[in-house]
Structures are given as structure tokens and as C-alpha cells.
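Written out below as C-alpha cells is the structure these notes cover.
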Amino acid sequence: MQRRALLLVLAASAAMFAAEASAQQPAPMRIRGELVAVDATSITVKRKAGGDVKIAIKPDQSVSAVKKLALADVKPGSYVGIATKNSGGKLVALEVLVFPEAGRGTGEGHYEWDLAPGSMMTNANVDTVVNSVDGRTLKLSYKGGSKEITVPENAPVVTPTSASRADLVPGKKVFVIANGDPANLTAARVYVEKDGVAPPM
């Protein structure tokens, strides 16, 4: 059961971090905010970007969460997804997601992201870690390229963990990947706040 839950998390993460969507289908929407209503067939999210959006959920909808890691847990050989901003010509981490080993290769590459204006996402292997006065500098490599990213001490560092429908309650922060047009969305994946840890993605 635990293995099945992990595989579901990884499959969803692959969809979340894919750089491109099929030309025949609209790109999945990433919705961040707070749950304001939950019923058997839908959730309503008050978006950080403004306004409420209702999203259909399936009877067997899988739900995930994240748990905190220490920055020291990010080591050479880790496979990570890091959202970044450009600061003075340097890439600085906004958050770090550490994949379990079974998720290695998920969404590999460096591409635009929508966590903040101008943000990027880099999914790659950690080659080296250098301590600095600003936190840690990670040298990452992926197919076709490499990046150097500074991770401040206060940047959230998390890894996927399991959750359930019971965790979907009003007031909890969520990160939802949804398919469809804006007026008719269906959740592909739901990450919910659990044990006080909100999804930072």
C-alpha cells in the first residue's frame, strides 16, 4: 500500500514538473491557495492570485503532502526540483523539493515556472554542495545543461509524503494541478498542508 502511494506521488510529480504539455490539450493549471469549501465531488480554493475557483475531484482522488527536510539533507547525488528567481545574475532558490530515489529523472531540465514573476524550475541531479555565507550553493546537472543555485537558509526544503481525503479541510493551504478550461477544472493532483507544513511549490 505504501509503495502504491509512493508511485502515485511520483506519477503526479512527473506531471507537475513537465516542461511542456501536449499540443492537443491545454496546459495543466497550477492553483495555489487555501481551501474554503470541500464536498464529495469538488474543492473550492481561494487563490493566492485572487478569486475563488471550484475544482472537481474524482471519487478515488489521490492526495499528497510534503514534509520538511533540513538543508543539510540535500547532498551530492540527490535529485531535486528547485524553483528559483534571478538575483543579481545568480539563481537563488525559492523552494527545494527533494525527490525520493524512485523519482529520479522526473521533469528533468530547466524551464519557466509560475511560483513568482520570472521564476524558473530546475529538476536535476546535485553534483556538488558548497557552504557559503548565503546558505549553500548547489551545482546541478541535467540532460543538456547545468546550473548553479544558491539555497538560502530560510528557503523551504521538502519531500513528498502521503496524505488522504480526510486532510482536505477548509483553512488548509493547497497546491493543485488541474486539467480543463478555467470554467471546468478537474484535479489531476492535490498537495495539501499537513502537520503544519504547507506545499511551497
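Side notes on the structure shown:
- Cα-centre dipole for the chain with unit charges at Cβ (Lys and Arg positive, Asp and Glu negative), debye to 20: 200 debye
- Magnitude of the charge dipole for the range 36-114, about its Cα centre and with charges confined to Cβ atoms of Lys, Arg (+1) and Asp, Glu (-1), is about 240 debye.
- The phi torsions of the range 114-119, fed into the Karplus equation with coefficients 6.51, -1.76 and 1.60 and a -60° offset, translate into couplings of 10, 6, 8, x, x, 6 Hz, rounded to whole numbers, with Gly and Pro shown as x.
- A Förster distance of 22 Å, applied to the separation of the beta-carbon atoms of Lys147 and Val169, puts the FRET efficiency at 0.05.
- Kirkwood-type hydrodynamic radius, the range 104-192: 16.0 Å, calculated from all non-identical alpha-carbon pairs.
- Over the C-alpha trace of the range 67-158, radius of gyration and Dmax come out as 11.8, 35 angstrom.
- The Cβ shell under 13 Å around Pro76 holds other residues with a net charge of +1, Lys and Arg each +1, Asp and Glu each -1.
- Residues in the range 146-164 that a label on Val133 would reach, taking backbone N under 19 Å of a point 7 Å out along Cα→Cβ: 149-155
- Efficiency of FRET from Cβ geometry, Tyr111 and Lys54, R₀ 41 Å, rounded to 0.05: 0.90
- Listed residue (Ala83, Val38, Ala187) projecting farthest to the positive dipole end of the chain, Cβ model: Val38
- Equivalent ellipsoid dimensions for the chain as semi-axes, Å, which come from the Cα gyration tensor, largest first: 28, 18, 17
- Nearest-20 debye value, the range 108-201 charge dipole, Cβ charges on Lys, Arg, Asp, Glu: 200 debye
Only the coordinates and a few stated rules stand behind these numbers; no lab work does. Quantities reported herein were computed from a predicted structural model and do not represent experimental measurements. In this analysis, Cβ positions are derived from the backbone assuming ideal geometry, glycine residues included, and neighbour counts consider all displayed protein chains.
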